[in-house]
Structure formats: C-alpha cells, structure tokens
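The values are calculated or read from the model by the stated rules, or taken from the named source; none is laboratory data. Predicted model, so just to flag it, every value in this text is computed and none were measured. A quick note on method: Cβ atoms are made from the backbone with ideal geometry, for glycine too, and the neighbour counts reach across all protein chains shown.
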Amino acid sequence: MTGVELVAAALAAGASAGLTDTASSAIRDTYAGLREAVRRRLAARGEGSARILEASEVEPGVWQAQLSELLSASGADRDEEILATARSLLRDLGVAGSYAGANVVDAREAKGMQVGDHNTQTNTFN
C-alpha cells in the first residue's frame with residue numbers, strides 16, 4: 001500500500017469509527033491528530049486544499065481521487081509523523097493487515113499456532 005493509500009485509508013476508517021459510540025477516546029484522539037496534521041499539510045497549499053479534507057469526509061467517493069492527489073502533492077504521503085499516526089490508527093481499529101508493514105506469518109509447518117494480539121492458548125501434543 002502506498003503512502004497515499006495508507007493515509008487515505010486511515011482517514012476514512014477514522015472518520016467511520018468516530019461516528020460510532022463504541023470508538024474509544026484514544027481512537028478519536030489519534031484520528032483527530034492525523035486529521036489535523038493532514039489539514040496543516042493541505043492548508044500550506046491553499047485554503048481550498050484543506051476544504052477537500054472536510055468534503056471527503058462527507059462524500060468520500062466523490063472527493064477521494066482529488067484528496068489522494070493533494071496528499072501526494074503536499075508530501076503528506078511521505079511525512080513520517082503522518083504515516084506513523086495513520087499506521088497506529090489502522091492498527092488500533094483492527095485494520096492492521098491492510099497496510100504495508102503488517103505482520104506476515106508463514107504457517108506451513110506450524111502446529112498449535114495462534115495469530116493476533118492478546119491471545120491465550122494451551123496446547124498438548126502427544
């Protein structure tokens with residue numbers, strides 16, 4: 001997944017999660033931080049660019065292509081702070097497998113293997 005795709009996916013996922021009552025305050029805070037960092041990057045290119053961010057949250061399908069172009073043109077897709085925040089948000093939302101850098105597991109010879117976070121497993125092999 002490219003930087004543009006990563007940031008766009010995190011913005012979309014964060015906007016969707018922020019609309020639910022079940023989203024934790026940490027997720028809302030991470031999303032708000034990502035959104036603000038991207039907004040600052042886009043605002044540096046002009047106020048119209050920053051407005052695309054708000055429009056993309058209301059009608060994501062309509063503005064997605066233009067937002068992707070602006071993310072790339074502004075350098076937001078190469079900003080390590082923005083990328084780290086986007087990865088963190090996706091990981092916290094449980095979308096970790098959908099971005100570059102996710103864990104890759106080779107289970108060809110595995111016995112009693114478990115994948116995921118915070119799991120408990122007891123195996124008895126005879």
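Might you let me know whether the range 54-61 holds any residue that is modelled with pLDDT under 90 and within 14 Å of T85 (Cα to Cα)? No. Answer yes or no: is there a residue in the range 22-33 that is modelled with pLDDT of 85 or more, within 16 Å of G75 (Cβ to Cβ) and assigned to a helix (DSSP H, G or I). Checked the range 22-33: no residue is modelled with pLDDT of 85 or more, within 16 Å of G75 (Cβ to Cβ) and assigned to a helix (DSSP H, G or I).
Total residues in the range 1-21 satisfying the condition of being of a type outside the set (A, V, I, L, M, F, W, C) and at pLDDT 80 or above: the figure is 4. Pairing each residue of the range 21-43 that is in contact (Cβ under 8 Å) with a residue 12 or more places away in the chain with any residue that is part of a loop (DSSP other than H, G, I, E, B) and crowded, with 16+ Cβ neighbours inside 10 Å, provided the two are 6+ apart or on different chains, yields C-beta distances under 7 Å for I27/L93; R41/D79. Within the range 70-91, residues that are among the β-branched types (V, I, T) reach partners that are in a helix (DSSP H, G or I) and surrounded by fewer than 20 Cβ atoms within 10 Å (Cβ to Cβ) with beta carbons closer than 7 Å, at six or more positions or on different chains, in the pairs I82/A37; T85/G33; T85/A37. Within the range 43-57, the set of residues being buried (at least 16 other Cβ atoms within 10 Å of the Cβ) and farther than 13 Å from A8 by Cα comprises S49, A50.
The single condition from (1) within 13 Å of the chain's Cα centre (by Cα); (2) buried (at least 16 other Cβ atoms within 10 Å of the Cβ); (3) at pLDDT below 80 that I82 fails is (3). Cβ-Cβ contacts under 9 Å between residues 6 or more apart (or on different chains), taken from a first residue in the range 1-19 that is in a helix (DSSP H, G or I) and of a type in the set (D, E, K, R) to a second residue that is modelled with pLDDT of 85 or more and buried (at least 20 other Cβ atoms within 10 Å of the Cβ), are listed as E5/D77. With respect to A50, determine if the residue is assigned to a helix (DSSP H, G or I) and at pLDDT below 90. Judged against the criteria, A50 is a match.
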